[in-house]
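Inspection log for the structure reproduced underneath, given as structure tokens.
Rule-based calculations on the coordinates, nothing more; no lab input. Note that the coordinates shown come from a computational prediction; the quantities given were computed from them, not determined experimentally. Here the Cβ positions follow ideal geometry from the backbone for every residue, glycine too, while neighbour counts run over all protein chains shown.
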Amino acid sequence: MKSNTKRICLAALFTALIFVFTAWLHIPSHTGYTHVGDGFLFLAACLLPWQYGVGCGVAGAFLADCLTGYAMWAPGSIIIKGVTALFFTAKGEKILSWRNLLGLIPSGALCIGGYYCYEGLITGNFTAPLAGIPGYVTQWVLSSALYLVAGFTLDKLKIKKTLRKEGLLE
């Protein structure tokens with residue numbers, strides 16, 4: 001099987017994981033929901049070329065928002081999740097490289113600040129969205145924990161070496 005086909009298959013798998021862990025395994029909050037789907041977005045961005053990581057984040061979040069009755073959040077999610085993937089890199093030998101660990105910081109700021117601002121824009125009120133910040137913080141913390149545990153495990157399994165050998169990484 002050609003490398004591009006393998007990458008597309010792996011990207012589809014990550015898109016599905018992001019979708020499922022966002023859409024179906026979430027906790028409803030004041031105007032949306034809190035989930036751990038971002039943990040799989042972080043992993044996708046660390047294992048696939050950047051274009052694929054961005055695509056996984058955008059497609060997974062878009063599908064989750066649109067298929068669970070939260071379509072009004074889709075435009076914000078497309079931007080926030082697409083940019084979030086850019087904070088991580090598939091380059092290097094490990095998922096939990098210093099660059100990727102540091103990428104958690106701006107990803108948290110974007111998730112918390114981005115969704116706060118987006119909610120303020122769609123509601124026309126920047127006071128009420130303050131109630132959503134604890135949910136956004138929880139989402140980032142839980143997603144980061146999932147990413148760290150999965151990344152540690154996958155690094156122990158030397159998954160990036162296997163993916164490189166298969167031609168899936170650049």
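Of note:
- For the options LEU146, LEU48, LEU157, a Gaussian network treatment of the chain with springs between C-alpha atoms closer than 10 Å singles out LEU157 as fluctuating the most.
- Here the Gaussian network model covers the chain, with springs between Cα atoms less than 10 Å apart; of LEU154, LEU63, LEU96, LEU154 fluctuates the most.
- For the range 1-78, the fraction of C-alpha pairs farther apart than 22 angstrom is 22 percent.
- Two-site label geometry, ALA109 and LEU67: point separation in nm, points 7 Å out along Cα→Cβ: 3.4
- Relative contact order, whole percent, for the chain stands at 27, derived from Cα pairs under 8 Å and 6 or more residues apart.
- Simple label model, 7 Å out from Cα along Cβ direction - LEU102 to THR123, nm: 3.5
- Fraction of C-alpha pairs exceeding 24 angstrom in the chain: 31 percent, rounded to a whole number.
- Taking the charge dipole of the range 60-170 about its Cα centre, with +1 at Lys and Arg Cβ atoms and -1 at Asp and Glu Cβ atoms, the residue from ILE79, PHE62, PHE152 reaching farthest to the positive side is PHE152.
- Taken over the range 30-131, the convex hull of the Cα atoms encloses 84 Å³ per residue.
- Highest-MSF residue in the chain out of VAL149, VAL36, VAL137 [GNM, Cα springs under 10 Å]: VAL149
- Size of charge dipole - the chain - debye, nearest 20, with Cβ of Lys, Arg +1 and Asp, Glu -1, no other charges: 840
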